[in-house]
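Notes follow the structure.
The values are calculated or read from the model by the stated rules, or taken from the named source; none is laboratory data. All of these numbers come straight from a predicted model, not from anything done at the bench. Quick reminder, even Gly has a Cβ in these numbers, built from the backbone with ideal geometry, and neighbours come from all protein chains shown.
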Amino acid sequence: MTAHARLQGITRTYPSVGAHPPVHALGPLDLELQQGEFFSVVGPSGCGKSTLFDVLAGLSTANSGTVEFEDKPVTGSVPDGIGVVFQEDASFPWLTVWDNAAFGLRRAGLPEREVAERVEHALSFMGLRSFARAYPAQLSGGMRQRVCIARTLVARPRLLLLDEPFGALDQQTRLLMGDEVLNLWRETGATVLLITHALDEAAMLSDRVGVMSARPGRFIDLVTTGWPKERDSTIVAEPDFGQVTARLWSLLRAESMKAIAGLP
Amino acid sequence: MTRAGGIRAAVIGGAAAALEIACHAGWIDPVSVIPPSQMVAGAYTLLASGEYYADILLTLENVGLALLVSLAFGFLGGLVLHRLPRLRQAIDPLLASYYAVPTFLFYPLFIVLFGLNRWPLVAIGFLFAVVAMMLNTLNGFDRVPVVLTKTARVMRLTRTQEIARVTLPACAPYIFTGVKLAIAYSFIGVIAGEFVLSGAGFGFKIAFAYNNFDNPTMYGLMLLLLLLVGSVNMLLYYWERRLYARQVRA
Amino acid sequence: MSAVGEELAVSTPQTGVSGVLDTLYAIAALLFAWQVLHWIAGGLVLPSPLGAANRLALIAADPEFAGHAWETGRAFATALLISLIGGLGLGVLLGVHRLSSEVAEPMLVALYSMPKITLYPVILLLFGLGISAKIAFGALHGIIPVIMFSMNAVRNIRPVYLRSARAMRLAALQTGLHVMVPATLPEIVSGFRLGFALTLLGTLIGEMFASQRGIGYMLLKAMESNEPTTITALALLLIVFATCASWILLAIDNRLHRRT
């Protein structure tokens, strides 16, 4: 089966600014995402996780290597079929929750009836229906991230990219949001790539976890979890869960120390 | 010099050069605007003549007086309002629209009240500057992080110690902003007053030169004023950077 | 922008009837203080609030007044248009690039702190005596804060909004219209508030200084003829106008900022 998305030999170097030397942030790195899988990326700070994210989404261009989505090259613009949720809250404060969710579709020129249908569905799915007329400023951080997810959902993405979307939330909310993302994944059948620094989150949610080295980021290992599709956060009770997390940490521990030592 | 600083110097230099050329080429009526070189010459002449020092000093005195009074009242006002939240709420809309009101209109009234001397000028400078100082003082007190106040209590500091060692240092950057504004506004108020109606001072001399068609002196004085204001700004800017470079602003 | 605009940094007004009542009490207290000052200083020096109001009514009834008010209004409106639209345009242009905003900011701050009234002779020499000079005065005062606020508004757009627009594959025009405009609007309106106030001030001072018509001119004449009652009456008119306009703009400003 051809991969849903493929990165080959990707490197990214940021040019020097002023007195600073160029920064070799990422790669060379290869990655193949299978159709419908849930793939997480973990790695120490500064390893280039977000750079990887940007390159895959088409928000940034790699210095070398190729990026393909559905067998077509990705160059400089975000392809149709990829949905993106960022780390920071990207909800537009001047729009209601409803208008936020409808935003992308309206700009794409979809007829209002279809927009309404999709927004209804996405908001209900994300548990935001009763907040449709509220403004993001009135909502908690977790709710705002849900708004961002809903905004992405309505476009029916086939590949969903999430960059530490729950980073700003407390642990319990994170666990619940994890359950919601799993629901989403099953319901839409999309391929999901999740960037996270939380090992338990990666271990719990994913089919496979890519472990990145310290900068310049490369994959040290790909860990397969082998979970059934119908999983949720209660999987933390499984003995295998502890093993997966331990494996991830044993791979990461040395890399993380390298990353901390390297910080200015 | 930073890249931005270099570009800035080039822009100003370029504009001055363009003006110089335009004047010499006769594109600009020489009765209206004189070439920058003559402006500089005018400034030099009037400084060398020593005739204007008394006026410059007078203006600086007036500004200084207005500044002192507005800093004192502004700071105290901010302190009082911070302690009396209900009063603060009540006059909040009035303060918010204070700078919409052309307080300069009171200048004629002050002249009628005090006569044609320095007091209307000081009063106008004060009116302009005091509220900016007050608002920034308030803002500063508002922004002392609660956690610092709690820390002071945990360390069992007395009220005086808390204010001196925690509150004031914490809001100092904001109060400094108030001081900067107060300086600018005192200048603006006093010189505007001198310009419109006065018998002496920097602003008066500019108006006098204008009325006597003495362009070199007039432009020379304007140039000096611009340099003075620019220097004061720069000094404050560098001083602020040195004081607060390491401090995190909320 | 650390300095300019801090005078706008008041806490948001309270809601609720008791808050409004409190403010009315405060205004009443001010009027009372005025009355006391009147008793101390005497009617020849400072009229009472009622005296000023009466004089204002007389002035307004005078057929000549309409002409003066129209003159001031015309000059102010034109200057305001220039300040707001010109300031917005320039500010946006400067704000789009990091370098241009960095270069411009200290220069704008210096211009803001400079007593622009001392540039009036230059303006008079360039525009002559008349309404265009007044408009120039007003615009000169008002345009600078509008440029500064607009520039900063564009500069400080949260990058994640622009990234989201790219992620949703918006065209450039769509990004400008549907993301950048609403994102910068609150800050731009704050700039407009300050621009409004300063344009009014500039126009009035211009009239005081060099004009044969307009409310500023009336003020100067009243001062020269030693008529404190007229001065106070006109001041009252302008204060009420400016405060009401300011409150309307403030309400809009607060509404926009509350959503952020």
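Tabulated results
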| read-out | value |
| --- | --- |
| Those residues of region B:131-146 which are among the hydrophobic types (A, V, I, L, M, F, W, C) and more than 11 Å from chain C (Cβ to nearest Cβ), in sequence order | B:Phe141, B:Val144, B:Val146 |
| Residue check, A:Pro157 in contact (Cβ under 8 Å) with a residue 40 or more places away in the chain, within 13 Å of chain C (Cβ to nearest Cβ) and out of contact with any Gly (no Cβ under 8 Å at 6 or more places or on another chain) | no |
| Candidates A:Ala203, A:Ala214 - the one that is in the same structural domain as A:Pro44 (by TED's automatic domain parsing) and either farther than 28 Å from A:Thr11 by Cβ or assigned to a strand (DSSP E or B) (or both) | A:Ala203 |
| Unmet criterion (only one of (1) touching a helix residue (DSSP H, G or I) at 6+ places or on another chain (Cβ under 8 Å); (2) facing another protein chain (nearest Cβ under 8 Å)) for C:Pro182 | (1) |
| Residue within region C:67-82 that is in contact (Cβ under 8 Å) with a residue 12 or more places away in the chain, loosely packed, with under 13 Cβ neighbours inside 10 Å and away from every other protein chain (no Cβ under 14 Å) present | yes |
| 1 or more residues hydroxyl-bearing (Ser, Thr, Tyr) and under 14 Å from the mean Cα position of the chain (by Cα): qualifying strands (runs of 3 or more DSSP E) within region A:36-125 | A:38-42 |
| Meets criteria (aromatic (Phe, Trp, Tyr), crowded, with 21+ Cβ neighbours inside 10 Å and touching a residue at least 24 places away in the same chain (Cβ under 8 Å)) for A:Phe166 | yes |
| Meets criteria (modelled with pLDDT under 90, farther than 27 Å from B:Leu116 by Cβ and either touching a Gly at 6+ places or on another chain (Cβ under 8 Å) or more than 10 Å from every other protein chain (Cβ to nearest Cβ) (or both)) for C:Arg259 | no |
| Flag for B:Val144 being assigned to a loop (DSSP other than H, G, I, E, B), surrounded by 14 or more Cβ atoms within 10 Å (Cβ to Cβ) and among the aliphatic types (A, V, I, L, M) | yes |
| Selection within region B:222-231 - facing chain C (nearest Cβ under 8 Å) and touching a residue at least 12 places away in the same chain (Cβ under 8 Å) | B:Met222, B:Leu225, B:Val229 |
| Members of region A:92-119 that are within 21 Å of A:Ala168 (Cβ to Cβ) and more than 9 Å from chain C (Cβ to nearest Cβ) | A:Val97, A:Asn100, A:Ala101 |
| Residue within region B:39-59 that is without any contact (Cβ under 8 Å) to a residue 12 or more places away in the chain and either surrounded by 13 or more Cβ atoms within 10 Å (Cβ to Cβ) or in contact with a Cys (Cβ under 7 Å, 6 or more places away or on another chain) (or both) present | no |
| Count - residues of region C:224-236 that are surrounded by fewer than 20 Cβ atoms within 10 Å (Cβ to Cβ) and more than 9 Å from chain B (Cβ to nearest Cβ) | 2 |
| Count of residues meeting criterion [over 26 Å from the mean Cα position of the chain (by Cα) and not in a helix (DSSP H, G or I)] in region B:3-57 | 11 |
| From A:Asp99, A:Asp89, A:Asp179, residue being surrounded by fewer than 22 Cβ atoms within 10 Å (Cβ to Cβ), of a type outside the set (Phe, Trp, Tyr) and modelled with pLDDT of 95 or more | A:Asp99 |
| Every residue from region A:1-16 that is more than 15 Å from A:Met212 (Cα to Cα), assigned to a strand (DSSP E or B) and among the aliphatic types (A, V, I, L, M) | A:Ala5 |
| Failed criterion for C:Gly216 (all others in (1) within 23 Å of the chain's Cα centre (by Cα); (2) within 13 Å of chain B (Cβ to nearest Cβ); (3) touching a residue at least 12 places away in the same chain (Cβ under 8 Å); (4) surrounded by fewer than 24 Cβ atoms within 10 Å (Cβ to Cβ) hold) | (4) |
| Conditions (1) closer than 20 Å to B:Leu127 by Cα; (2) more than 10 Å from chain C (Cβ to nearest Cβ); (3) assigned to a helix (DSSP H, G or I); number of the one not met by B:Ser198 | (3) |
| Filtered residues of region B:104-116 (kept if touching a residue at least 40 places away in the same chain (Cβ under 8 Å) and surrounded by fewer than 19 Cβ atoms within 10 Å (Cβ to Cβ)) | B:Leu116 |
| Residue check for B:Ser186: in a helix (DSSP H, G or I) and hydroxyl-bearing (Ser, Thr, Tyr) | yes |
| Subset of region C:158-179 [touching a helix residue (DSSP H, G or I) at 6+ places or on another chain (Cβ under 8 Å) and either among the β-branched types (Val, Ile, Thr) or more than 17 Å from A:Ala108 (Cβ to Cβ) (or both)] | C:Arg158, C:Tyr161, C:Leu162, C:Thr175, C:Val179 |
| Test: C:Gly191 is of a type outside the set (Lys, Arg) and touching a His at 6+ places or on another chain (Cβ under 9 Å) | no |
| Residues of region C:27-44 that turn out to be within 11 Å of chain B (Cβ to nearest Cβ) and surrounded by 12 or more Cβ atoms within 10 Å (Cβ to Cβ), as a count | 5 |
| Odd one out for C:Ser211, checked against (1) over 30 Å from A:Gly83 (Cβ atoms); (2) hydroxyl-bearing (Ser, Thr, Tyr); (3) assigned to a helix (DSSP H, G or I) | (3) |
